[in-house]
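First, the structure itself, so that you have it in front of you.
The values are calculated or read from the model by the stated rules, or taken from the named source; none is laboratory data. Bear in mind that the values here come from a model prediction, so they are computed numbers and not experimental data. Cβ coordinates were reconstructed from backbone atoms using ideal geometry, including for glycine residues, and neighbour counts include every protein chain displayed. All accessible areas refer to the heavy atoms of the entire protein, side chains included, with ligands and DNA or RNA removed. Shrake-Rupley method; radii C 1.70, N 1.55, O 1.52, S 1.80 Å.
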Amino acid sequence: MGAAQSFRELCDRTKNTNVRLSLPAVCIVWQTAMIILFGVFIRYNEESDTHWVEYRKENNLSDIQNDFYFRYPSFQDVHVMIFVGFGFLMTFLQRYSFGAVGFNFLIAAFGLQWALLMQGWFHSLDYTDGKIKIGVENLINADFCVAGCLIAYGAVLGKVSPVQLLVLTLFGITLFAVEEYIILDLIHAKDAGGSMVIHTFGGYYGLSISWMLYRPNLDQSNRLQSSVYHSDVFAMIGTLFLWMFWPSFNSAITDHGDGQHRAAINTYLALASTVLTTVAVSSLFQKHGKLDMVHIQNSTLAGGVAVGTAAEFMLMPYGSLIVGFCCGIISTLGYIFLTPFMEKYLKIQDTCGIHNLHAMPGVIGGIVGAITAAAATESVYGAEGLRNTFDFEGEFADRSTSKQGGHQAAGLCVAICFGVGGGILVGFILRLPIWGDPADDNCFNDEPYWEATPPQDKMSPKSGTINSLNFSLHFVSLKMFCFTSIEHIIIFLNLIFFFFFVKTEFII
């Protein structure tokens with residue numbers, strides 16, 4: 001007990017947010033390590049190498065059959081979700097928009113490099129020459145890997161330093177690659193949209209870290225742990241990006257043809273159903289039937305998470321609607337009841353409510369996947385369709401669908417164990433007082449790590465300024481701020497239209 005108390009006192013000593021040396025050192029050293037490791041291990045695969053011409057002729061293929069042309073449109077969508085969707089979804093805090101978007105950018109940029117290596121060693125290593133061969137599908141999988149860390153970031157949003165986030169990402173990517181290999185390769189579970197591998201793991205990884213980093217005096221930052229009108233609007237932009245592109249996310253790496261087609265349809269329908277039940281429950285439990293923007297920003301996405309595992313199965317359109325219907329209710333109730341309960345009694349401070357958007361829907365997705373797999377029959381899928389959908393080939397050729405359902409459930413358990421166990425371990429490391437994290441009264445604030453303009457209400461008026469003039473200046477500033485915010489939104493919408501134009505031209 002004495003050692004534990006000493007460690008706790010060490011971790012709770014006065015905070016110093018100066019990362020002038022530690023952040024540049026970590027970024028430079030780790031990026032140098034990436035360059036060296038890429039030089040040693042990473043090479044182009046046969047479809048991105050100059051020898052593609054020879055490979056194409058030997059296998060009687062055409063350039064249009066290169067995997068790039070099948071996968072790149074989905075890669076574009078997933079990439080936008082990672083860098084724009086997740087980033088802007090977390091801008092709801094009134095004074096933490098720089099940290100939400102900027103640190104999201106940092107995590108993703110480092111994480112995708114480390115993911116290409118970690119996933120490559122498990123999935124793409126060519127044992128003839130010891131090299132990892134990468135193509136466009138590896139890029140999509142790396143983005144998926146990063147998504148798990150961005151989900152975890154949501155639980156500790158505003159409470160950690162950028163150095164801590166890089167450490168979280170380093171260990172998170174490593175754990176993800178291992179649990180993904182166990183679930184998809186050893187257990188041979190199917191998880192096209194990552195309900196188990198991405199969302200369940202990422203959710204419980206982040207929640208466990210948040211539990212380890214519990215701050216009993218976080219109420220000192222309550223004034224900043226809230227949104228304002230324009231921050232909610234920008235967060236809603238992130239929601240819409242995620243909502244629109246989620247069918248691509250769940251179908252990006254499924255088999256070409258019917259599997260990919262079915263995954264997009266199932267996700268599309270589940271998302272639509274979730275919106276209506278989220279609005280219904282939000283209105284029902286709020287005073288005077290008013291909607292809570294937190295629910296609309298987050299719970300409307302839960303259906304996309306929950307349908308991920310079974311996305312390529314014969315879930316049927318009505319089944320997708322049922323999954324979305326249930327998740328809209330469960331996720332919204334989670335924000336209303338579970339989030340306060342977890343903070344008060346379980347000591348888990350979940351800034352973004354990832355338990356309601358990712359962890360719970362991920363578990364539901366795993367359960368739906370297990371039931372759907374166990375219930376699969378040859379009369380519904382066809383003999384060839386059953387083998388193709390569940391990859392009943394090689395050593396798994398004799399596996400029955402009921403046994404596959406059991407393995408799906410086992411995969412869910414592995415994801416939870418890795419998330420909780422890995423999060424506790426990494427949280428213990430992040431508690432060390434060497435990372436430059438903010439004090440309890442300075443969380444959810446950009447100022448410790450960004451050159452940010454102080455809010456108007458903290459600026460002292462010059463001596464001799466009369467109250468009426470001060471009020472007028474504030475009023476003019478408010479009008480200018482609202483005007484520039486509208487301008488920013490218009491510019492952002494123009495960028496959206498430009499993106500769709502470029503994407504359409506590429507596909508044509």
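For segment 62-209, just say rounded, prolate or oblate: build the C-alpha gyration tensor, square-root its eigenvalues into a ≥ b ≥ c, call rounded for a/c under 1.5, and beyond that prolate if a/b exceeds b/c, oblate if not. Mind dumping the intermediate values first?
Numbers: a/c = 1.96, a/b = 1.51, b/c = 1.30.
Prolate.
Something else now. Which percent of the accessible area of the chain is formed by carbon and sulfur heavy atoms (probe 1.4 angstrom)? Walk me through the numbers on the way to the answer.
Values: 15650 of 23750 Å².
Of all accessible area on the chain, carbon and sulfur atoms account for 66 percent.
A further question follows. Percentage of Cα-Cα pair distances in segment 150-258 greater than 21 Å, rounded to whole percent? Each step should come with its number before you reach the end.
Details: 3121 of 5886 pairs.
Percent of Cα pairs beyond 21 Å in segment 150-258: 53.
What percentages, rounded to whole numbers, describe P(r) for the chain computed over all alpha carbon pairs with 10 Å bin width beginning at zero?
Taking all Cα pairs of the chain, the binned fractions are 4, 18, 28, 26, 15, 6, 2, 1, 0 percent.
Cα gyration tensor of segment 177-231, axes a ≥ b ≥ c as square roots of the eigenvalues: rounded (a/c below 1.5), prolate (a/b > b/c) or oblate? The partial results should precede the final answer.
Details: a/c = 6.20, a/b = 2.21, b/c = 2.80.
Judged from the Cα gyration tensor, segment 177-231 comes out oblate (a/c at least 1.5, b/c at or above a/b).
Could you calculate the FRET efficiency of Arg56 with Ala109 from 1/(1 + (r/R0)^6), where r is the beta carbon distance between them and R0 is 22 Å, rounded to 0.05?
Numbers: r = 33 Å, r/R0 = 1.50.
For Arg56 and Ala109, the calculated efficiency is 0.10.
Next question, about the same structure. At R0 = 45 Å, how high is the FRET efficiency between Arg20 and Ser402 if r is their beta carbon distance? Nearest 0.05 is fine. Don't skip to the answer; put the middle values down first.
Numbers: r = 59 Å, r/R0 = 1.31.
Rounded to the nearest 0.05, the efficiency is 0.15.
Okay, which of segment 143-168 sit inside 15 Å, backbone N to the point 7 Å along the Cα-Cβ direction of Asp185?
Answer for segment 143-168: none.
Which value, in Å², gives the accessible area per residue of segment 15-90 when a 1.4 Å probe is used on the protein heavy atoms?
On the way: 4590 Å² over 76 residues.
Here the residues of segment 15-90 average 60 Å² of exposed surface.
Once label points are set 7 Å from the Cα along Cα→Cβ at both Leu291 and Tyr345, what is their separation, rounded to one decimal in nm?
Here the answer is 3.1 nm between the modelled labels.
Something else about it: With r defined as the distance between the Cβ atoms of Arg223 and Trp121 and R0 fixed at 60 Å, what FRET efficiency is calculated, to the nearest 0.05?
On the way: r = 46 Å, r/R0 = 0.77.
The formula returns an efficiency of 0.85 here.
Given H placed 1.01 Å from N in the peptide plane, which residues other than close sequence neighbours of Ile42 have an amide H under 5 Å from its amide H?
Under 5 Å from the amide H of Ile42: Ile132.
So which of Lys159/Lys287; Lys159/Lys347; Lys133/Lys190 end up more than 25 Å apart, counting from Cα to Cα?
The answer is Lys159/Lys287.
While we're here: May I ask you to give the solvent-accessible area per residue for segment 244-356, in square angstrom, as obtained with a 1.4 angstrom probe?
Numbers: 4490 Å² over 113 residues.
Accessible area per residue, segment 244-356: 40 Å².
Here is a further query. Peptides 398-405, 35-42, 313-320: what's the order by average Cβ count within 10 Å, highest mean first?
On the way: 398-405: 15.0, 35-42: 13.5, 313-320: 18.8.
Averaged packing, sorted descending, gives the order 313-320, 398-405, 35-42.
Taking the highest mean first, how do the peptides 203-210, 351-358 order by number of other beta carbon atoms within 10 angstrom per residue? Kindly include the intermediate steps, with their values, before the conclusion.
Values: 203-210: 29.5, 351-358: 27.1.
Ranking the peptides 203-210, 351-358 by packing returns 203-210, 351-358.
If each of Glu378 and His261 carries a label point 7 Å out from its Cα toward its Cβ, how far apart are those two points in nm?
2.4 nm
Separate question: Given the C-alpha centroids of segment 256-293 and segment 218-246, what is the distance between them in whole angstrom?
Using only Cα atoms to place each centre, the spacing works out to 18 Å.
Within the chain, which whole H helices from DSSP have a Cα span along their axis of at least 18 Å and a mean Kyte-Doolittle hydropathy of 1.6 or more, if any? Numbers along the way, then the final one.
On the way: long enough: 22-41 (28 Å, 1.97); 67-80 (20 Å, -0.46); 97-119 (31 Å, 1.34); 136-155 (30 Å, 1.20); 162-180 (26 Å, 1.56); 229-251 (34 Å, 0.64); 258-284 (39 Å, 0.60); 317-333 (25 Å, 1.57); 360-374 (21 Å, 1.69); 401-430 (43 Å, 1.16); 467-507 (60 Å, 1.30).
Those that clear 18 Å and a mean of 1.6 are 22-41, 360-374.
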